[in-house]
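Here the structure comes first, spelled out in structure tokens, and everything after it is commentary.
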Amino acid sequence: MRKDSWNQKRETNQVMSFQRTFSDDLAREKRARLRAERLYEQVQRELLAANERLKAHAFSLSHQVIAQREELSAVRSLAEALKGQHSQVSEDLHAAHSRAELANTRLREAVETLIDGFAVFDANEVLILANPAYLDLFHAFPEVRLGIRYQRMIEICAYEDLVSLEDWSPDDWVEMMMSRWTAAAIDPVDLHFTHGRSVRLVDRRAENGDFVSLANDITKMLEYQTELIEAQKRAEAAAEAKSAFLANMSHEIRTPMNGMVGMAQLLVETDLNDEQRNYAETISKSGESLVTIINDILDFSNMDAGRLELRPEIIDLEKTIHDVMIMLAPAARDKRVELILDYDLFLADPLKADQGRLRQVLTNLVGNAIKFTDSGYVLVRAIGVGNTAHGHMINITVEDTGIGISKANQDRIFTEFSQVEEMANRRFEGTGLGLAITRQIVAAMGGQIWVESEEGIGSCFGISLELQSEPDASARDIVRLDPSIRSVLIISDHLISREIIARRLQATGVNTLTATQIDASVRQIAKSRPDRVLLDQDLSAAAADVVLSGLAEHVPGTPVVMMCSNLLSAQSLRREKRIAAALPKPMLWRDLVCALGAPEHDSATCAQAGTPAASRPEAQHEVLRVLYAEDNRTNQLVFSKMLKGLKLDLTLAENGRQAVARFQELRPDVIFMDISMPEMDGREATQAIRALPGGAHVPIIACTAHALRDEIDRIMAVGVNAVLTKPLSKAELIKALQDHAPAGSDLTSP
Ligand code: ADP
């Protein structure tokens with residue numbers, strides 16, 4: 001606007017000058033005006049252009065300003081944010097610092113208050129941290145403080161007698177302790193300081209090269225340990241003393257019991273009136289129960305002391321069961337209770353079990369079955385119920401037709417000292433320990449025991465065991481029946497017995513006929529003449545003698561085998577050749593096959609009758625010579641009376657020395673050797689005899705009043721063939737003779 005007015009003013013001036021030089025100047029003026037006008041236009045254009053540029057510049061400037069403002073405000077807010085962050089960071093830093101301080105303080109205090117020593121050594125093995133407990137171990141050595149080297153500390157321990165070095169020399173100990181630190185894994189080591197404290201050093205190498213050493217205080221622990229060992233020793237000594245006391249007591253009681261029971265048994269067999277017999281029987285039975293009680297208590301106290309160790313060996317299971325039944329047979333015979341064994345034909349492999357313990361279990365179960373049964377039978381059945389990875393699962397059941405046990409009492413009877421307190425039971429003696437012991441043995445063998453029973457009907461006790469089989473061990477000699485024997489007539493009143501025998505014979509292809517008495521037998525004979533007759537000694541309707549005569553009439557010459565509950569009474573029949581063989585009931589399958597008739601090639605096996613021939617010396621004398629070494633006169637008497645009636649020559653010796661001398665003079669076939677004797681005991685005598693010419697193989701049967709298993713093992717270890725525990729029973733004695741006398745010995749009286 002100001003520029004416009006300026007231009008106008010200049011134009012006005014030009015017009016006034018023009019008027020003065022109007023003519024001349026008119027053209028010039030006109031040109032000038034034109035020039036001016038052009039200039040004006042140009043200036044105006046330039047002005048416009050400049051204006052435009054200015055505007056554009058201003059526009060771009062304003063843009064820039066806006067952008068810069070925005071940038072500025074962003075920067076400002078960033079700065080603000082950073083400012084906030086900075087203060088947060090410093091707050092956090094402060095808090096972290098405080099926390100670190102606190103943790104450090106806590107850690108230091110904790111390390112300081114530790115009762116265990118704690119120390120850190122740097123990579124140069126210089127002590128850089130140690131709590132008071134650590135330094136206190138070296139309290140008498142002020143140089144042990146921060147800055148000391150590890151090696152110096154070890155040297156102080158070794159050379160200043162600070163640590164007990166046991167068998168180490170100080171130099172070796174220092175070397176051992178130093179090399180320990182360089183090992184890849186540092187094992188803990190126990191240090192016993194001579195000032196009384198003991199520590200377990202647990203050292204670790206940290207990642208930065210430091211060594212962290214923890215000295216656990218084990219002083220108290222070692223004290224407790226020593227006390228515990230002392231207490232254990234005292235307890236073991238007490239248990240030992242208890243066992244020794246029990247063993248001695250049992251020995252002391254058994255020795256006179258041998259006389260009492262033996263004499264009472266012999267007395268019963270003499271001519272007595274009813275009243276006298278009753279008294280003698282009561283003495284005999286009470287004596288026997290007393291022995292059972294002693295055995296049970298001795299056994300129980302041993303098990304209580306945790307001494308139930310099993311010694312599995314290869315056994316003949318059928319024979320083991322049979323032996324137990326034969327041993328208990330006299331008790332069953334007295335009550336006319338039939339004893340039957342049913343052994344699974346297919347259990348042929350030799351099996352492994354602790355024979356002694358298994359016998360103990362069976363003796364208890366079969367003994368109870370006989371004790372609680374007044375009539376009927378006791379049937380022992382062994383069946384294989386399946387194969388396992390290592391052997392066979394075997395069930396052995398003992399079934400009786402006795403008084404039975406109520407449901408309520410069935411669980412109780414397996415616990416210690418429990419007996420059924422009912423009218424029916426009152427008359428039976430016992431400790432109530434037998435089944436508890438049996439249960440423990442079965443459990444130790446990894447097996448199970450159970451009972452099924454009905455009052456007034458009977459009981460069935462069962463055990464199931466997994467027995468390892470030993471297929472590589474020499475299998476039992478299997479004898480087969482001579483193929484010429486096609487049919488067997490079984491005459492017996494006992495249905496179960498008959499059926500079991502019949503089933504087993506049928507399984508071998510033999511035709512069986514059964515009968516209960518001579519009339520029925522004759523009817524059977526009429527149908528088919530049997531090749532052999534198996535006759536039960538205990539027939540109810542007629543005496544076996546009568547049946548024998550009938551058989552001789554109807555099937556003359558047919559061999560008759562008699563199944564006997566009383567073997568001795570059958571011997572005269574054998575001598576008279578009225579029977580071909582007599583077998584004790586229950587029968588071993590092999591014995592039955594041998595008695596009925598085995599093929600020629602099995603005759604040697606049959607002759608061995610249970611004991612390997614190699615271990616049986618040849619019979620040397622026509623009449624069996626038996627030597628019995630025993631210092632106690634009563635026992636000598638009982639022994640000789642028990643063997644009375646058998647065909648043998650008995651010589652007595654009063655001590656081991658005499659026994660050795662008698663052995664050399666007489667060369668006996670069997671020796672019975674008491675263990676506790678004056679001058680020379682049974683062990684020494686056995687060893688002396690074994691060392692003499694011809695003494696290595698003579699059967700020596702030890703007799704002892706010690707019933708502890710360990711003691712029996714010690715006796716077996718001197719080389720005896722068997723051990724009998726006192727009081728001796730007639731059945732055991734005869735069985736031992738039958739088992740060990742030379743093959744072919746005839747014990748029957750002339
Ligand atoms: P005990 O020495 O008294 O026979 P056990 O532990 O062997 O002790 O038996 C405990 C009880 O179980 C016996 O007293 C008897 O009441 C009962 N019992 C065991 N076996 C039989 C059985 N076969 N028949 C009936 N009762 C039995």
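FYI, it's all coordinate maths here, none of it is from the lab. Here the structure is a predicted model, which means the values were calculated and not measured. Neighbour counts are summed over all protein chains in view; Cβ atoms, including those assigned to glycine, are modelled from backbone coordinates with ideal geometry.
Say a site is exposed when it is one of the GluC sites (Glu not before Pro), sits in a DSSP loop, and has at most 10 other Cβ atoms within 10 Å; what is then the longest site-free stretch of the chain?
Working: sites that count: Glu143, Glu166, Glu207, Glu309, Glu421, Glu576, Glu618, Glu622.
The longest uninterrupted stretch comes out as 422-575.
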I'd like the orientation of helix 150-159 relative to the chain: the angle between its Cα long axis and the longest Cα principal axis, in ° from 0 to 90, rounded to 10. 30 degrees
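About its Cα centre, what dipole magnitude does the stretch 149-203 give when the only charges are +1 on Lys and Arg Cβ and -1 on Asp and Glu Cβ, stated in debye to the nearest 20? Don't skip to the end; give the middle numbers.
Working: 5 positive and 11 negative charges, 67 e Å.
My answer is approximately 320 debye.
Report relative contact order for the stretch 243-401 in percent, whole number only (criteria: Cα-Cα under 8 Å, sequence separation at least 6). Please report the intermediate quantities before stating the final value.
Working: 169 pairs, mean separation 29.2, N = 159.
The normalised contact order for the stretch 243-401 reaches 18 percent.
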Helix 317-334: inclination vs the chain longest Cα principal axis, degrees, rounded to 10, gives 50 degrees
For the pair Asp136 and Val89, what calculated FRET efficiency results from E = 1/(1 + (r/R0)^6), where r is the Cβ-Cβ distance and R0 = 60 Å, to the nearest 0.05? 0.85
Please give the FRET efficiency for Leu54 paired with Asp4, using the beta carbon to beta carbon distance and R0 = 30 Å, rounded to the nearest 0.05. 0.95
Which log10 I(q)/I(0) values, to two decimals, does the stretch 624-740 give at q = 0.09, 0.17 Å⁻¹ under the Debye formula with one point per Cα? -0.19, -0.75
At 7 Å along Cα-to-Cβ for each site, give me the label-to-label distance between Ser464 and Arg45 in nm. 12.7 nm
Placing +1 on each Lys and Arg Cβ and -1 on each Asp and Glu Cβ in the chain, then taking the dipole about the Cα centre, the residue among Ala582, Ala552, Asn387 whose Cα reaches farthest towards the positive end is Asn387
Taking r as the C-beta separation of Glu166 and Arg234 and R0 as 30 Å, the FRET efficiency to the nearest 0.05 is 0.70
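Rounded to the nearest 500, what is the 222 nm mean residue ellipticity of the chain from helices alone, with -39500 (n - 2.57) per DSSP H run of 4+ residues and division by all residues?
Details: 23 runs with 382 residues, N = 750.
For the chain, the value works out to -17000 deg cm²/dmol.
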Treating every alpha carbon of the stretch 209-263 as one equal point scatterer without solvent, the Debye formula yields log10 I(q)/I(0) values at q = 0.15, 0.31 Å⁻¹ of -0.67, -1.06
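Please rank Leu61, Leu347, fewest neighbouring Cβ atoms within 10 Å first, as an exposure proxy. Intermediate values should be presented prior to the final figure.
Values: Leu61 11, Leu347 16.
Placing the least packed residue first, the sequence is Leu61, Leu347.
For the stretch 317-469, go through all pairs of different Cα atoms, get the mean of 1/r, take its inverse, and jot down that Kirkwood value in Å. Don't jump to the answer; show the numbers that get you there.
Details: mean 1/r = 0.0636 Å⁻¹.
Over the stretch 317-469, the inverse of the mean reciprocal pair distance is 15.7 Å.
Are there trypsin sites (Lys or Arg not before Pro) in the stretch 631-726 that DSSP marks as loop and that have at most 16 other Cβ atoms within 10 Å, and which are they? It would help to have the intermediate numbers written out before the result.
Numbers: sites: Arg633, Lys641, Lys644, Lys647, Arg657, Arg662, Arg683, Arg690, Arg709, Arg714; in loops: Lys644, Lys647.
Here the trypsin sites (Lys or Arg not before Pro) that fit, given the DSSP loop and packing criteria, are Lys644, Lys647.
Roughly how many debye, to the nearest 20, is the charge dipole of the stretch 235-277 about its Cα centre, given +1 on each Lys and Arg Cβ, -1 on each Asp and Glu Cβ, and no other charges?
160 debye
For Ser569 and Glu80, calculate 0.36 nm times their separation in residues minus their Cα-Cα distance, and state this gained length in nm to one decimal. The partial results should precede the final answer.
Working: separation 489, 0.36 × 489 = 176.04 nm, distance 12.60 nm.
Between Ser569 and Glu80, full extension yields an extra 163.4 nm.
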Among the lysines, which have Cα under 20 Å from the Cα of Lys233 when same-chain residues fewer than 8 positions away are ignored? Lys220, Lys242
Please enumerate, by chain and number, the lysines with C-alpha under 19 Å from the C-alpha of Lys352, excluding those fewer than 8 residues away in the same chain. Lys319
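If you average over every viewing direction, what projected area does the convex hull of the Cα atoms of the stretch 487-597 give, in nm²? If you can, show how the numbers build up before the last one.
Details: hull surface 24.3 nm².
About 6.1 nm², averaged over all directions.
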So, with points 7 Å from each Cα along the Cβ direction, the Arg106-Glu313 label distance in nm works out to 6.8 nm
Roughly how tilted is helix 434-444, in degrees to the nearest 10 and between 0 and 90, from the longest Cα axis of the chain? 50 degrees
Once the chain is represented by equal point scatterers at the alpha-carbon sites, with solvent omitted, what log10 I(q)/I(0) does the Debye formula produce at q = 0.08, 0.11 Å⁻¹? -0.82, -1.22
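Tell me, in nm to one decimal, what length is gained between Asp116 and Arg28 on full extension, where the rule is 0.36 nm per residue of separation less the Cα-Cα distance?
Stretched out fully, the Asp116 to Arg28 stretch lengthens by 19.3 nm.
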Given the Cα-Cα distance of Ala206 and Ile383 and 0.36 nm per residue of separation, how much length would full extension add, in nm? 57.0 nm
Starting from the 7 Å offset along Cα-to-Cβ, what nm value, one decimal, do you get for the label separation of Glu71 and Arg145? 6.7 nm
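Suppose a student asked you for the relative contact order of the chain, using Cα pairs under 8 Å spaced at least 6 residues apart; what percent would you report?
Values: 1082 pairs, mean separation 62.9, N = 750.
Result for the chain is 8 percent.
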Among Val451, Gln8, Ser569, which residue has its Cα furthest toward the positive end of the charge dipole of the chain, with +1 on Lys/Arg Cβ and -1 on Asp/Glu Cβ? Gln8
Percent of all Cα-Cα pairs per 5 Å bin for the stretch 117-217, counting from 0 up to the last occupied bin, reads 2, 13, 25, 29, 22, 8, 2, 0
When DSSP assigns beta bridges and you keep just the ones with both residues in the chain, what percent turn out antiparallel, to the nearest 5? 55 percent
Work out the length of the dipole vector of the chain about its Cα centre, built from +1 on the beta-carbon of each Lys and Arg and -1 on the beta-carbon of each Asp and Glu, and round it to the nearest 20 debye. 3600 debye
Distance in Å, no decimals, from the C-alpha centre of the stretch 34-69 to the one of the stretch 503-541 is 151 Å
Of the stretch 291-334, those with amide N under 11 Å from the point 7 Å along the Cα→Cβ vector of Ala241 are none
Run down the lysines and flag those whose C-alpha is under 20 Å from the C-alpha of Lys30, throwing out any fewer than 8 positions away in its chain. Lys9
